[in-house]
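The next block holds one structure in the form of structure tokens; read it before the comments.
The values are calculated or read from the model by the stated rules, or taken from the named source; none is laboratory data. Only a predicted model underlies this, so the values are computations on that prediction, with no experimental measurement involved. The accessibility values were calculated without ligands, DNA or RNA, using every heavy atom of the protein model including side chains. Shrake-Rupley method; radii C 1.70, N 1.55, O 1.52, S 1.80 Å.
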Amino acid sequence: MSVRLKLTLSYAGFLMVAGGLLLTAVWAFILRYVPDTERGLLGVSPNRYLLVRTFFPAAAIVLAFLLVFGLLGGWLLAGRMLAPLTRITDATRIAATGSLSHRIRLEGRNDEFRELADGFDAMLTRLEAHVAAQRRFAANASHELRTPLAISQTLLDVARNDPHRHTGELVERLHAVNVRAIELTEALLLLSRADQRSFSRENVDLSLIAEEATETLLPFAEKHGVTIQTSGDVTLTNGSSALLLQMTMNLLHNAIVHNVAEYGTVQVNTASRRKSVVLTVENTGDKLTAQRVSTLTEPFQCGTERIRGDHAGVGLGLAIVKSITEAHDGTLTLIPRAGGGLCVTVRLPAVGR
Ligand SMILES: Nc1ncnc2c1ncn2[C@@H]1O[C@H](COP(=O)(O)OP(=O)(O)OP(=O)(O)O)[C@@H](O)[C@H]1O
Ligand SMILES: [Mg+2]
């Protein structure tokens, strides 16, 4: 039975009950004022007999009218009340077929239906953005993975057509392409692992992590003519030390490769606040606009500037940092520095010592 029919029947039912009660009250009222003195046929007074004969048919007509009125009115009213629900149902059906661009956009007062519709619209907007991001990600990932394979293919084709060529160089180049493909695949795996939050947690000192990352990347920084300063006290948080190290390495690596060509500096700092711990990586570099900076954490977003020297990033570094931060219930803030370069702040929940 549809909700509209149920509502109609209850409207009509209530109207009948109310009408019945009213008629009973009227009947009781009349009886009080019509004297029942003379005894007539069957012991009922002629007055009352007349009253019964006129009152009950009239009451039956009134009740029948109320029934029709209740059914018709109830049907129309229920239809009006439930109209928004039909629109919401239609929208759900459309969404279920996979088309997420439709919106209900219910107008009118702020009632329960409007709240439901607005909530549904908001959910659709988020879902649409999420699906679009996923699609973009999959397309970019396959494109990036295809590039090394295509390069290998070209190298092999060239070698096949020219059998007298020196193979040493070919092997070197194939090796380099392969290393890059492996790095990319590992980055993608890391990203999905952080997103799924499938890692074990322990207490980690961020200042130790920062030192370890600095030590590992020091030769790389020297090669780029960049000096690194690391400072900070013991800064405890809870999480995966491997992932947090990866996060710090990515930030430090960025700070080195996206730095100025000569005499660049990087400052790494860890600090404890009352409820959070903060890791900041700050570097000199080209000037960046706030609008440009806001897009950098998207996967496969690379800077517009020419990539210098040996670094050919795919633009997953900051996306991984963001995923790792979020998997640790933290926040990532990127602020362009006034004199050029970037200041990256990672804020994570603190652990009591
Ligand atoms: N510390 C930084 N200073 C200036 N620009 C930066 C910094 N970190 C990131 N960027 C900009 O943000 C872009 C995206 O960084 P991200 O680490 O995600 O990718 P990538 O470094 O290009 O490649 P990779 O995947 O190898 O890390 C960079 O290409 C660069 O333009
Ligand atoms: Mg990077």
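Laid out as a table, the results:
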| quantity | calculated |
| --- | --- |
| Rounded if a/c under 1.5, otherwise prolate or oblate - segment 180-258, Cα gyration tensor axes | oblate |
| Cα shape, segment 202-349, gyration tensor, a/c 1.5 rule | prolate |
| Relative contact order [Cα under 8 Å, 6+ residues apart], the chain, whole percent | 12 |
| Over the chain - Rg/Rh using Cα atoms and the Kirkwood inverse-distance radius | 1.40 |
| Accessible area per residue in Å² at 1.4 Å probe, computed on segment 1-107 | 73 |
| Computed [θ] at 222 nm, deg cm²/dmol, the chain (DSSP H ≥ 4; -39,500 (n - 2.57); rounded to nearest 500) | -21500 deg cm²/dmol |
| Distance histogram for segment 116-196 (every C-alpha pair counted, 10 angstrom bins, percent rounded to whole numbers) | 15, 29, 22, 16, 10, 5, 2, 0 |
| Carbon and sulfur %, accessible surface of the chain computed with the full protein complex present, 1.4 Å | 60 |
| Calculated diffusion of segment 3-99, Stokes-Einstein form, Kirkwood radius summed over Cα pairs, 37 °C and 0.692 mPa s, µm²/s | 194 |
| Reachable aspartates and glutamates, given that their alpha-carbon falls under 12 Å from the alpha-carbon of K275 and they are not under 8 places away in the same chain | none |
| Relative contact order, percent, segment 202-349 [alpha-carbon distance under 8 Å, six or more residues apart] | 24 |
| Helical segments meeting 30 Å axial Cα length and Kyte-Doolittle 1.0 threshold in the chain (DSSP H) | 3-33, 46-96 |
| Amide proton proximity set for S45, modelled H, under 5 Å, gap of 5+ | G40 |
